[in-house]
Every structure is written in C-alpha cells, then in structure tokens.
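Below you'll find the structure, written out as structure tokens, and then a few comments.
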Amino acid sequence: MELILTQDFDGLGLEGDIVSVAEGYGRNYLIPEGIALEATLPNRKALELKSKKIEVKRLKVKASAEKVKEQMEALTINLVQKAGEEGKLYGSVTSMDIASALEKKGITIDRRKIVLEKPIKTVGEFDISVKIYPEVTASLKVMVSPEAA
C-alpha cells in the first residue's frame, strides 16, 4: 500500500515522502493517527502543490538542527552518581538522565533521539550520539563521576 506521509516519522521517512507499507499497518495505524494519507491521485496532486512549502520547512528545521548540534558539541554534561570502589555505578545512567541534564542546560531533546546501545554503568568519559534530525547527528561528551562520600 502506498501512502503520503503528513509528518516526519522515524523509520519511514519525512513529511511529503511517498512510502510503501503493509496494508494493515497503513489502515490500522498510520492513517487513523494522521501520520499518512492514501496516495490517491487527488492526494498526489495536493502534495505537488504543497511540495515547495514542505521543502522550505525541511530546510528551516535542518538549519535549526545544525544550530542545536553546534550547541551540543560545545557542551560537556557532568553527571554525579553513587559508585563503588572499582568505579561501577549503583544503578546506571540512561538516556532519560542525559535528556534531563541537557534540559537544565537549555537544550530540549527527546530522549529517544539519544543513542545509547546500553545504559552507562561505570565512571568515566563517554561520547554519546544524538540523532537530532535525519542527516544531523551530534556527538555529546558525558562525564560520569562518583558522588563524594
């Protein structure tokens, strides 16, 4: 089934893209949630008329994502956690912790855009990838230090 995306959707594409998906996924999720429209002839013609506006919007969003990338790469996030003798943390540092630390610095990022293969469980310095926008990925330095007893 071919659909026209009405908004950016991770894993599928960007607003205005025509994508092929399974029929059930399209009819039961994407269309009812307002994420996509059926790629009928009238909808395709409407897309052609809106394509310039969509392109301008994409460029603006990408430019703002580049600015956020520059801000993030200039930052170092310092997190203080309880740790044992060998530097192992009691608990772990998750993407939610990093997102809240970024928010305190004035940068609001959805925690799902922070790429952590597994939670951080040791003290040290880590480089974390943040997918701000397709084709815009920032590298964020995170310092985890032990809490003073």
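The values are calculated or read from the model by the stated rules, or taken from the named source; none is laboratory data. Just so it is clear, the structure is predicted and the values come from calculations on it, not from any experiment. Note that we place each Cβ from the backbone using ideal geometry, even for glycine, and neighbour counts take in every protein chain shown.
What are the residues in segment 59-82 that are of a type outside the set (D, E, K, R) and in a helix (DSSP H, G or I), if any?
Selection gives L59, V61, A63, S64, A65, V68, Q71, M72, A74.
Identify all residues within segment 104-149 that are within 30 Å of L59 (Cβ to Cβ), among the hydroxyl-bearing types (S, T, Y), part of a strand (DSSP E or B) and free of Cβ contacts under 8 Å to residues at least 40 places away in the same chain; write none if there are none.
Selection gives S129 alone.
If I ask for residues that are of a type in the set (D, E, K, R) and modelled with pLDDT under 90, which ones from segment 46-65 would you list?
E48, K50, K52, K53, E55, K57, R58, K62 - these are the residues of segment 46-65 that are of a type in the set (D, E, K, R) and modelled with pLDDT under 90.
Regarding E85, is this residue exposed (fewer than 14 other Cβ atoms within 10 Å of the Cβ), out of contact with any Leu (no Cβ under 7 Å at 6 or more places or on another chain) and part of a helix (DSSP H, G or I)?
For E85, the condition - exposed (fewer than 14 other Cβ atoms within 10 Å of the Cβ), out of contact with any Leu (no Cβ under 7 Å at 6 or more places or on another chain) and part of a helix (DSSP H, G or I) - is not met.
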